[in-house]
Amino acid sequence: MSFIRKGLIVIILFLISLNLFPEDFFRVKEKIVKESWKKISFIYFYPRLSIKNLGYSNNIYLMEQDSKPDWTADLGLQMILSSIFLNRFIFQIDEFPYYSFYAKNKDERSFNNVFGFNVYSYIGIFNLKYQFKKQYVRQRPTQEFGRRVRQNLINHAFSLDFGNHNSFFLSLYLNQKSIKYSDELYLEEYNLYNLLNLKEYWGGIGLNKIIFSRTILSLNFDYFEQDFDYSKERNRIGKQVSIGIKFPEISSIRGSFQYGLRIYEPSNPLYEDFTKPFGSGDISIKLFRRLKLNLNYSIDNIFSYWQINSAYNQKSAGAGIEYYFSRKFKLGYRYRDNKLSFIDLYKGIEIREDNFYTNSIYVGIKVFKKMGIGIEYSRYRGDSTEPGFKRSYDFIGGYIIHEF
């Protein structure tokens, strides 16, 4: 046995013998034991019935020039299987098949599946996680789309935390993502296969500090590469720095938000380097037991299918309010505003702007623990400086929620 191999074995045995364990592994374990529906032998079961988009829409394609009404439903059953091995490893399988039903437009019917596999472990003060995700779905991948399109996604993610999750810890993470579309023409004009198929590579480091009541303040530094399969002129690398806060699930304020700056360096010499803000957030605040406020936002820069030399800056923000008349009945309203600013990457100037908003009102009834059912009405309207991209739909239907 070589000297290096002996040294590695000694280091691993030393780390295993330490008593300073990060608590993330044990919190995941605690959540599995607490929330699982049933345990059979060494397997914990957590099923979730999913019913979305159950109702009537006067325009399933969103775009006014491509308008079709229909009755729709997304019906599925998600099953999460977890196993705790030697109190050292957690293995988790997340299988979510669902079927998208359209009563009249049969070509839109589709079978979808989202599969995930997670492994958690720890070695001394090191906390490790590996995550695999495979997604085969027909959906709207970004806010730019009206029709649903078939998307295949494969994602590998690995993270390592070093330190005490009750005080201060360092995070290292790597991510590889592959996104592929079908080779059908979108709107009989745009070849998504050639325009948007890509691989992404991410790596980063995060500094995390517990500031109060398990609330985590993070400072992150990341590097990324976007490598397109066919549209090589879109390839780019980038760097970003961001700050974020994550609130614990046990507090009256829940959720997280992140904000930062991202530097893009295109490989195409005809495109200019540029810097853009980015971020996302989704926060809920409970007030006086009966009132709940929801706030969310998203800022990003995304390549468009519209023109090969175009990307758009997305800015969206939303707010909602829920009032609980009792523990089992609530009334809610939410509003969301979106703005897409399309940029010519050759000239660096804005060439198109889309603005759209959504109003929704809904009622919910709790039927079991945190699970509830309800009915919702949504009104969606949007306009564009480019002819042919005006949007609208009205939808009324039911839903199931698992966080009442």
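The values are calculated or read from the model by the stated rules, or taken from the named source; none is laboratory data. The model shown is predicted, which means the values in this text are computed figures rather than measured ones. All Cβ positions, glycine included, derive from the backbone under ideal geometry; neighbour counts span all protein chains shown. Only protein heavy atoms, including side chains, enter the accessible area calculation; ligands, DNA and RNA are left aside. Shrake-Rupley method; radii C 1.70, N 1.55, O 1.52, S 1.80 Å.
Of all residues in the stretch 221-280, count the ones that are open to solvent by less than 30 Å² (accessible area, probe 1.4 Å), of a type in the set (Gly, Ala, Ser) and touching a helix residue (DSSP H, G or I) at 6+ places or on another chain (Cβ under 9 Å).
Looking only at that region, the number is 1.
Output the number of residues of the stretch 183-216 satisfying the condition of being surrounded by 14 or more Cβ atoms within 10 Å (Cβ to Cβ), within 30 Å of residue 66 (Cα to Cα) and at pLDDT below 90. Full working, then the answer.
Quick first cut of the stretch 183-216, residues surrounded by 14 or more Cβ atoms within 10 Å (Cβ to Cβ) only: 186-187, 190-204, 206-208, 210, 214-216.
Now restrict to residues that are within 30 Å of residue 66 (Cα to Cα): 186-187, 190-198.
With at pLDDT below 90 added as a condition, the list becomes 187.
Residues meeting the conditions: 1.
Can you report the number of residues in the stretch 388-398 which are modelled with pLDDT of 90 or more and either under 19 Å from residue 50 (Cα atoms) or surrounded by fewer than 19 Cβ atoms within 10 Å (Cβ to Cβ) (or both)? Lay out the reasoning, then the answer.
Step one: filter the stretch 388-398 for residues modelled with pLDDT of 90 or more, giving 389-398.
Now drop any that are not either under 19 Å from residue 50 (Cα atoms) or surrounded by fewer than 19 Cβ atoms within 10 Å (Cβ to Cβ) (or both), which leaves 390, 392, 394-398.
Selection size over the stretch 388-398: 7.
Mind checking which strands (runs of 3 or more DSSP E) fall wholly inside the stretch 15-118 and carry at least 3 residues that are touching a strand residue (DSSP E or B) at 6+ places or on another chain (Cβ under 6 Å)? Spell out the reasoning first.
Numbers: elements: 38-40, 43-57, 70-85, 89-102.
Once the strands (runs of 3 or more DSSP E) in the stretch 15-118 are filtered for at least 3 residues that are touching a strand residue (DSSP E or B) at 6+ places or on another chain (Cβ under 6 Å), what remains is 43-57, 70-85, 89-102.
Of all residues in the stretch 297-317, which are more than 16 Å from the chain's Cα centre (by Cα) and either over 20 Å from residue 146 (Cα atoms) or polar (S, T, N, Q) (or both)?
Answer for the stretch 297-317, where residues must be more than 16 Å from the chain's Cα centre (by Cα) and either over 20 Å from residue 146 (Cα atoms) or polar (S, T, N, Q) (or both): 304, 307, 309, 310, 313.
Pairs under 9 Å by beta carbon, first residue under 17 Å from residue 195 (Cα atoms) in the stretch 211-230, partner of a type in the set (Lys, Arg) and open to solvent by 60 Å² or more (accessible area, probe 1.4 Å), six or more apart or different chains?
Correct list of pairs: 225/199; 226/199; 227/199; 228/199; 229/180; 229/199.
When both residues are 6+ apart or on different chains and their Cβ atoms are under 8 Å apart, which pairs have a first residue that lies in the stretch 178-195 and is part of a strand (DSSP E or B), and a second that is surrounded by fewer than 13 Cβ atoms within 10 Å (Cβ to Cβ)?
Filtered contacts from the stretch 178-195: 191/183; 191/185.
Restricting to the stretch 142-160, what's the tally of residues that are open to solvent by 50 Å² or more (accessible area, probe 1.4 Å), touching a residue at least 60 places away in the same chain (Cβ under 8 Å) and among the polar types (S, T, N, Q)?
Taking the stretch 142-160 and keeping what is open to solvent by 50 Å² or more (accessible area, probe 1.4 Å), we get 143, 147, 152, 154, 156, 158.
Pick out the ones that are also touching a residue at least 60 places away in the same chain (Cβ under 8 Å) and you get 143, 147.
Applying the additional criterion that residues be among the polar types (S, T, N, Q) yields 143.
Within the stretch 142-160, residues that are open to solvent by 50 Å² or more (accessible area, probe 1.4 Å), touching a residue at least 60 places away in the same chain (Cβ under 8 Å) and among the polar types (S, T, N, Q) number 1.
Quick one: is residue 312 modelled with pLDDT of 95 or more and more than 25 Å from residue 199 (Cβ to Cβ)? Quick ask: steps written out before the conclusion?
Numbers: modelled with pLDDT of 95 or more: yes; more than 25 Å from residue 199 (Cβ to Cβ): no.
Here the answer is no, as residue 312 does not meet what is asked.
Only one of these conditions is not met by residue 104: (1) over 20 Å from the mean Cα position of the chain (by Cα); (2) open to solvent by less than 30 Å² (accessible area, probe 1.4 Å); (3) not acidic (Asp, Glu). Which number is it?
(2)
How about the stretch 44-65: which of its residues are under 22 Å from residue 142 (Cα atoms), buried (at least 17 other Cβ atoms within 10 Å of the Cβ) and more than 23 Å from the chain's Cα centre (by Cα)?
57, 59, 63, 64
Could you tell me which of the residues 89, 111 is open to solvent by 40 Å² or more (accessible area, probe 1.4 Å) and more than 23 Å from the chain's Cα centre (by Cα)? Break it down into steps so the answer makes sense when it comes.
On the way: 111 fails: more than 23 Å from the chain's Cα centre (by Cα).
Matching residue, one of 89, 111: 89.
Considering each residue of the stretch 130-141, count those that are assigned to a strand (DSSP E or B) and open to solvent by less than 60 Å² (accessible area, probe 1.4 Å), and give that number.
Residues of the stretch 130-141 assigned to a strand (DSSP E or B): 130-139.
In the following step, the residues that additionally are open to solvent by less than 60 Å² (accessible area, probe 1.4 Å) were identified as 132, 135, 137-139.
Here the count works out to 5.
So is residue 163 under 21 Å from the mean Cα position of the chain (by Cα) and either open to solvent by less than 30 Å² (accessible area, probe 1.4 Å) or within 24 Å of residue 199 (Cα to Cα) (or both) or not?
Working: under 21 Å from the mean Cα position of the chain (by Cα): no; either open to solvent by less than 30 Å² (accessible area, probe 1.4 Å) or within 24 Å of residue 199 (Cα to Cα) (or both): yes.
When the stated conditions are applied, residue 163 does not pass them.
Collect the residues in the stretch 321-337 that are in contact (Cβ under 8 Å) with a residue 12 or more places away in the chain and either acidic (Asp, Glu) or surrounded by fewer than 18 Cβ atoms within 10 Å (Cβ to Cβ) (or both), keeping them in residue-number order.
At the first step, the residues of the stretch 321-337 found to be in contact (Cβ under 8 Å) with a residue 12 or more places away in the chain are 321-325, 327-337.
Residues satisfying the conditions are 321, 322, 323, 325, 327, 328, 329, 331, 333, 335, 337.
Being under 20 Å from the mean Cα position of the chain (by Cα), under 22 Å from residue 254 (Cα atoms) and charged (D, E, K, R), is that true of even one residue in the stretch 321-334? Reasoning before the result, please.
Keep residues of the stretch 321-334 that are under 20 Å from the mean Cα position of the chain (by Cα), which gives 334.
Cutting the leftovers down to under 22 Å from residue 254 (Cα atoms) gives us 334.
Pick out the ones that are also charged (D, E, K, R) and you get 334.
Yes, the stretch 321-334 has at least one match.
Restricting to the stretch 363-374, count the residues that are within 24 Å of the chain's Cα centre (by Cα) and either surrounded by fewer than 17 Cβ atoms within 10 Å (Cβ to Cβ) or aliphatic (A, V, I, L, M) (or both).
Going through the stretch 363-374 one residue at a time, the tally reaches 3.
Across the stretch 342-362, which residue is surrounded by the fewest Cβ atoms within 10 Å (Cβ to Cβ) among those that are over 23 Å from the mean Cα position of the chain (by Cα) and among the β-branched types (Val, Ile, Thr)?
349
Among the residues in the stretch 175-183, are any polar (S, T, N, Q), under 23 Å from residue 108 (Cβ atoms) and in contact with a Leu (Cβ under 8 Å, 6 or more places away or on another chain)?
Going through the stretch 175-183, the residues polar (S, T, N, Q) turn out to be 175-176, 178, 182.
Now narrow it down to the ones that are under 23 Å from residue 108 (Cβ atoms): 182.
From the residues that got through so far, the ones that are in contact with a Leu (Cβ under 8 Å, 6 or more places away or on another chain) too are 182.
Yes, the stretch 175-183 has at least one match.
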